[in-house]
Structures are given as C-alpha cells and as structure tokens.
1. Please find, within the stretch 24-75, the residue that is nearest to the chain's Cα centre (by Cα) out of those that are among the aromatic types (Phe, Trp, Tyr) and more than 17 Å from ALA13 (Cβ to Cβ).
2. Could you say whether any residue in the stretch 36-43 is in contact with a Leu (Cβ under 6 Å, 6 or more places away or on another chain) and without any contact (Cβ under 8 Å) to a residue 60 or more places away in the chain?
3. Look through VAL107, VAL100 and report the one residue that is at pLDDT 80 or above, out of contact with any helix residue (DSSP H, G or I) (no Cβ under 6 Å at 6 or more places or on another chain), among the hydrophobic types (A, V, I, L, M, F, W, C) and in a helix (DSSP H, G or I).
4. Only residues that are over 12 Å from the mean Cα position of the chain (by Cα), surrounded by 15 or more Cβ atoms within 10 Å (Cβ to Cβ) and hydroxyl-bearing (Ser, Thr, Tyr): list them for the stretch 85-102, please.
5. Based on this model, can you work out whether ILE73 counts as surrounded by 12 or more Cβ atoms within 10 Å (Cβ to Cβ), assigned to a strand (DSSP E or B) and out of contact with any Lys or Arg (no Cβ under 7 Å at 6 or more places or on another chain)?
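The values are calculated or read from the model by the stated rules, or taken from the named source; none is laboratory data. These figures come from a predicted structure and were not determined experimentally. Glycine also receives a Cβ, built like all others from the backbone with ideal geometry; neighbour counts cover every protein chain displayed.
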Amino acid sequence: MGYTKIWIHLVWATKKREAVLNKELRKQLFQHIRENAKEKNIYVDFINGYVDHVHILISLAADQTIAKTVQLIKGESSYWVNKNNLTPQKFEWQDDYFAVSVSESGVDKVREYIKNQEEHHRKKTFEEEYNEFMEKYGFEILRAKAQ
C-alpha cells in the first residue's frame with residue numbers, strides 16, 4: 001500500500017458571485033460539507049469562506065482526483081441547500097474553481113488564510129482576490145493558451 005499526502009487549496013464561488021452565504025448558512029453549510037466529505041472519504045482539513053465563495057484545504061488520497069472531489073463536494077452541497085430550502089432562490093455554485101497544491105511547509109499559512117476570510121474581505125473583495133489568484137498562480141496564461 002502506498003501512502004500519499006497531497007494538500008490542495010480549493011476555492012469556488014456562488015453562481016454569479018451572489019452574496020447568499022450569510023453567516024448562519026455558512027456555518028450550516030460548512031458543517032454539512034465536512035460531514036458529507038467524511039462519508040465519501042474526502043479529508044477536509046479546513047473550510048471557511050465569505051458571502052459569495054468558499055475556501056477548503058483538503059488532502060487527497062491516492063485514488064482521488066481534484067475534479068471528482070470538487071464535483072462531489074459542490075454537487076452534493078448545492079443539492080443539500082436546495083433540498084432544505086436554505087436560500088430564498090435556487091442555490092447554485094459557479095462551474096469553475098481554483099485548485100492549487102500546497103507544500104507541507106505551507107499548510108499552516110493556508111489554514112490561517114482560510115480561517116481569516118471575514119477579516120480578509122473587509123479589505124479586499126472576492127473579485128480582487130480572484131484576480132490575485134489568477135495572476136499569482138499563472139491561471140491567466142493557462143486560460144490564454146487554451147483559447
């Protein structure tokens with residue numbers, strides 16, 4: 001048996017980046033995501049977010065892919081929100097997401113970043129954070145090559 005520890009920082013937004021994730025909904029949603037992920041053997045180390053997006057630090061097992069893991073978390077969580085009528089309108093996540101690897105030495109820094117989302121977004125919008133991620137991780141270059 002092989003042993004793996006592949007840390008991934010995931011970020012995704014609500015559909016049209018609508019600010020529907022109030023504090024109470026975030027609390028319920030993040031607890032549900034943790035419980036559901038555990039049932040699916042997805043290790044969620046840390047989760048937090050703000051009114052229009054989510055940050056999760058996960059560790060992938062050898063048989064898990066980023067795409068499948070994100071699909072399981074996003075798909076099931078939006079289904080759960082709608083099934084329980086937790087938002088006045090139909091709840092959806094945007095299709096896209098960020099996924100970046102995290103070195104073992106960077107895990108604590110990422111946890112702190114995720115933990116302080118509310119404070120962080122008093123100074124910076126998700127749009128600004130999004131643009132920083134695009135630039136910092138070279139996603140703009142990848143997107144341009146794909147077109």
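1. Across the stretch 24-75, the extreme among qualifying residues is PHE46.
2. yes
3. Going through VAL107, VAL100 in turn, just one is at pLDDT 80 or above, out of contact with any helix residue (DSSP H, G or I) (no Cβ under 6 Å at 6 or more places or on another chain), among the hydrophobic types (A, V, I, L, M, F, W, C) and in a helix (DSSP H, G or I): VAL107.
4. Correct list: THR87 only.
5. For ILE73, the condition - surrounded by 12 or more Cβ atoms within 10 Å (Cβ to Cβ), assigned to a strand (DSSP E or B) and out of contact with any Lys or Arg (no Cβ under 7 Å at 6 or more places or on another chain) - is not met.
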